[in-house]
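Data first, discussion second: the structure below is written as structure tokens.
The values are calculated or read from the model by the stated rules, or taken from the named source; none is laboratory data. Just so you know, these numbers come straight off a predicted model, no measurement behind them. Here the Cβ positions follow ideal geometry from the backbone for every residue, glycine too, while neighbour counts run over all protein chains shown. Keep in mind that these areas ignore ligands, DNA and RNA; they rest on the heavy atoms of the full protein, side chains included. Shrake-Rupley method; radii C 1.70, N 1.55, O 1.52, S 1.80 Å.
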Amino acid sequence: MPAHLPQRWVVLGPHLVDMLLTLKQQHLIVGVQDDHPAIGRWSRSLTGFPVVAQASQINEEFIRRVKPDLVLYWPSGLAGNQQARLRVLGVPMLAIDPQRLDDIAARLRWLGALAGSPAAADRLVATLQADLERTRLRYAKGPRLRGLYQVWLQPLYSLSPQHLASQAMQLCGVDSIVPPTKVPAPILSLEFVVRARPDVILLSQDQLEPSRRYWQRFRQMPALQHDGLVVVDDYKLTRPGLSLLRAIPALCDQLLPYRTLPH
């Protein structure tokens, strides 16, 4: 690797770690952020790298000790005060915050160039872009549905229409019922959802049973009439990385049967 490129990376975001692992550049990583460290409060993450940050804390002493020359981070996964504390340390920082599905592959190309493996990144990006376009074309035709991505039940959190998970839904033929908003995860009123009559409600496995009980009162909603509570991999779909792109074909396959029902 050229000497002028960063060679000791603190990587704050599991999906960003995944990108570097995919590029086979794990030797660059000297610390990661982890919500669930395997052993102890400040130990090693489930990926095996030293934990330098958790959900609400940064171990500044540890970061000084590992002497990174780059902090790679996801802005939505790092509180503003944490970002400010990192800037005080004087380490160069690079935010990776894709706004569109197509941006994910482009950011992988950035990281490939910065990690000294641009050719490998270009090959991966070409494959990812081709797969995404193939999926987009495959599911573009046919009836469209109205859907709700249920992040949490009480209060009823959803995702903005511009969120990457909402874009994935849209690619699969399901348009979000959430009106345009600058809030990434807005709280919706029950009355609004009932009036909007979603055809499907996407949710995580742990929300399925309480949601069945909760929504049972509103059998007039199409999502209840057609058993449209759809369990999805919330972890993969809400992280703006390769796991999201990999999960889209399966999501579209899950939603396809609902698009063929009479509405």
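When a/c reaches 1.5 or more, the comparison of a/b and b/c decides; with that in mind, is the stretch 97-163 rounded, prolate or oblate per its Cα gyration tensor?
oblate
Per residue, how many Å² of accessible area does the chain show with a 1.4 Å probe? Mind dumping the intermediate values first?
Working: 12930 Å² over 263 residues.
Ligands and nucleic acids excluded, the result is 49 Å² per residue.
Sum up the charges of everything whose Cβ sits under 15 Å from the Cβ of A115, counting Lys and Arg as +1 and Asp and Glu as -1, but leave A115 out.
+2
Can you compute the helix-only [θ] at 222 nm over the chain? Use -39500 (n - 2.57) per DSSP H run of at least 4 residues, normalise by all residues, nearest 500 deg cm²/dmol.
Per the formula, -12000 deg cm²/dmol.
As an exercise, use a Förster radius of 35 Å and the Cβ-Cβ distance of K141 and F218 to find the FRET efficiency, rounded to the nearest 0.05. Let's see the in-between values first.
On the way: r = 31 Å, r/R0 = 0.87.
My answer for the efficiency is 0.70.
Just the number, please: carbon plus sulfur as a percent of the accessible area of the stretch 202-263, 1.4 Å probe, no ligands or DNA/RNA counted. Numbers along the way, then the final one.
Values: 1650 of 3030 Å².
Carbon-and-sulfur percentage of accessible area, whole number: 54.
Determine ³J(HN,Hα), in whole Hz, for all residues of the stretch 178-191 in sequence, where each value follows from phi through the Karplus function 6.51 cos²θ - 1.76 cosθ + 1.60 and θ = phi - 60°; x replaces Gly and Pro.
Working through the residues one at a time gives 6, x, x, 7, 7, 7, x, 10, x, 8, 9, 7, 4, 4 Hz.
Using the Karplus curve 6.51 cos²θ - 1.76 cosθ + 1.60 with θ = phi - 60°, work out ³J(HN,Hα) for each residue of the stretch 83-88 in order, rounded to whole Hz, and write x for Gly and Pro.
For the stretch 83-88, the Karplus curve yields 4, 5, 4, 5, 4, 4 Hz.
Would you mind classifying the stretch 145-213 by shape? Square roots of the alpha carbon gyration tensor eigenvalues, ordered a ≥ b ≥ c; an a/c under 1.5 is rounded, otherwise it is prolate if a/b is larger than b/c and oblate if not.
It comes out rounded by the Cα gyration axes.
Just check the chain against the gyration tensor rule for me: Cα atoms, a ≥ b ≥ c as the square roots of the eigenvalues, rounded for a/c under 1.5, and otherwise prolate or oblate depending on whether a/b exceeds b/c.
Working: a/c = 2.59, a/b = 1.69, b/c = 1.53.
Because a/c hits 1.5 or more and a/b exceeds b/c, the chain counts as prolate.
For the pair Q205/N81, report the inter-label distance in nm, with labels modelled 7 Å from Cα in the Cβ direction.
Between Q205 and N81, the label points sit 3.6 nm apart.
Report, ordered by chain and residue number, the lysines lying within cross-link reach of K182, taken as a straight Cα distance under 30 Å and ignoring same-chain residues fewer than 8 apart.
Qualifying lysines at Cα under 30 Å: K141, K236.
Label-point separation (nm) for A126 and A250, each offset 7 Å from Cα along Cα-to-Cβ?
Here the answer is 2.8 nm between the modelled labels.
Ignoring ligands, DNA and RNA, what percent of the 1.4 Å accessible area of the stretch 84-163 is carbon and sulfur? Walk me through the numbers on the way to the answer.
Numbers: 2450 of 4240 Å².
Using a 1.4 Å probe with all protein chains present, the stretch 84-163 comes out at 58 percent carbon and sulfur.
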